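Asks: Structure in structure tokens, see below.
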Amino acid sequence: MSQIESNKQLESRRILLIIGGGIAAYRSLDLIRRMRDRGWTVKTILTRSAVEFVTPLSVAALSENTVHLELLSLTEESKMGHIELARWAEAIVVAPATANLMARVAVGMADDLATTVLLATNRPILMAPSMNLEMWGNSATRHNHALLQGRGMEFVGPDSGDLACGEYGAGRLAEVPEIIAAIDRILHRHLTASSLAHKRFLITAGATREAIDPVRYISNHSSGKQGYALALALRNAGAEVILVSGITTLPAPAGIKTLAVTSAREMLSACLEQLPVDGAICTAAVADWRVAEAAPQKIKKIRDQQTLTLELVQNPDILATLSHHPSRPDLVIGFAAESESLIANAKIKLAAKGCDWIIANDIAANGAVFGSDYNQVAIITAAGVESLPQMTKLEVANHITQRIISHFNPAGGVK
Ligand code: CTP
């Protein structure tokens, strides 16, 4: 799709805005005005507490559309109103998203119109949180934030600044132009979603586990989050995704064929069975070594023996094997966790493994990469290096997905 075509389509979009009950709710009025300026059709849902902060009348006047308030409206419900609303929208924006609303969505409640629509939709959801800084920093909210991101919901903000409660810190609703830009990105991606519709992607993720004996093993700290985020982002872009997952505590993502493996050798054979594919992305932290021969019984401690020597042999390199395979995928991407000379080492790895791109992250600069929801990466290709700022792993995944779309549709005008 050309840039002009997609810009044109962006002009007539259908947005459902859910206004939560927080002090920042009044700013949703400006958001509605800016969306209308762009020619978008805006429908709104006000939660029960939102009505305490903005009047349905002003929302109706600005959106030039009906405001939806309650789940059980006779006229609406006779047409299955909430399902229709969920389907009508091309994207759903929650602004402000309060801690309470995020929590109710996180546990899958459907006790009012807003949560019912959010549970019933398969459309992209953007949340713009706003709350007191302690509430935003509370581990319950952190947990819900990560959970919702893991399910594919996107977030804009909150920004740092003066808060309505008189304190200073993270919790301010993102600025309206920021929210509009985030909606633009989602819609643009949605328009280009069909670009990967007939493409198959193989993703390795998580840690491998190599048995020493029936109770002990060699492994590492990989959480699998970046690989799982990529699986979601590629699926959202219309691709068929096969996720070959090592050890992780993450739930298998909906709509994605997930093959659970334990060792590097199992991971390799699961990957080879899936060929041919159009793209392969190796995010897994594969143990480089395994014990030459795992003991069939638990190794007993011998009292006088102060040391124990284990003979290790190298595991197969899955990324290199896929890169040199006769059915080599069109695009092979590897990851590199480096602690020094990031770009130089990543370029060496690109050549050594024979892949097309390396996504490099500096584990020295980002001490918390393992297990964290954030990542800071550089994308290294034959054409050059693109360094990205720190962002969530889902945002990194979306960015890489956009690059993949451009790779497969070079004339598509997608950046
Ligand atoms: N990888 C793989 N199979 C292996 C080892 C690594 O598929 N046996 C993949 C990883 O999934 C990642 C990339 O190779 O995409 C880089 O892995 P890394 O561990 O950084 O590279 P190594 O070759 O192990 O180099 P080093 O440990 O010396 O940095």
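The values are calculated or read from the model by the stated rules, or taken from the named source; none is laboratory data. None of these values were measured; they are calculated from a predicted model. When we count neighbours, we look across all protein chains shown, and the Cβ atoms used for this are built from the backbone with ideal geometry, even at glycine.
Asks: Can you tell me how many residues within the range 114-146 are part of a strand (DSSP E or B) and over 11 Å from A170 (Cβ atoms)?
Replies: Residues that pass the stated criteria total 4.
Asks: Continuing with this model, one more query. Could you pull out the residue among T116, T141 that is more than 30 Å from S223 (Cα to Cα) and crowded, with 18+ Cβ neighbours inside 10 Å?
Replies: Within the list T116, T141, the selection yields T116.
To keep it simple, each residue is scored yes or no on (1) more than 14 Å from A378 (Cα to Cα); (2) in contact with a His (Cβ under 8 Å, 6 or more places away or on another chain); (3) in contact (Cβ under 8 Å) with a residue 24 or more places away in the chain.
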site	(1), (2), (3)
V277	yes, no, yes
R290	yes, no, yes
P296	yes, no, yes
N315	yes, no, yes
A336	no, no, yes
A351	yes, no, no
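Asks: Consider L268 carefully, then state whether it is crowded, with 18+ Cβ neighbours inside 10 Å and either touching a His at 6+ places or on another chain (Cβ under 9 Å) or not in a helix (DSSP H, G or I) (or both).
Replies: Criteria not met by L268.
This table checks each residue for (1) more than 29 Å from H407 (Cα to Cα); (2) in contact with a helix residue (DSSP H, G or I) (Cβ under 8 Å, 6 or more places away or on another chain); (3) assigned to a loop (DSSP other than H, G, I, E, B).
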position	(1), (2), (3)
L230	no, yes, no
P253	no, yes, yes
E293	yes, no, yes
K300	yes, no, yes
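Asks: In the range 154-206, what residues are of a type in the set (A, V, I, L, M), buried (at least 20 other Cβ atoms within 10 Å of the Cβ) and without any contact (Cβ under 8 Å) to a residue 40 or more places away in the chain?
Replies: The answer is V156, L163.
Asks: Please determine, by comparing only the residues of the range 311-363 that are under 19 Å from P389 (Cβ atoms) and more than 12 Å from the ligand (Cβ to nearest atom), which one is surrounded by the fewest Cβ atoms within 10 Å (Cβ to Cβ).
Replies: I343
Asks: Looking at A280, A287, can you tell me which residue is within 29 Å of A352 (Cβ to Cβ), within 12 Å of the ligand (Cβ to nearest atom), out of contact with any Lys or Arg (no Cβ under 8 Å at 6 or more places or on another chain) and outside any helix (DSSP H, G or I)?
Replies: Testing whether each residue is within 29 Å of A352 (Cβ to Cβ), within 12 Å of the ligand (Cβ to nearest atom), out of contact with any Lys or Arg (no Cβ under 8 Å at 6 or more places or on another chain) and outside any helix (DSSP H, G or I) leaves just A280.
Asks: Step by step: first the residues of the range 368-415, then only those that are on the phi > 0 side of the Ramachandran plot and at pLDDT below 90, then the one that is nearest to the chain's Cα centre (by Cα). Which residue is that?
Replies: Among them, the one singled out is G371.
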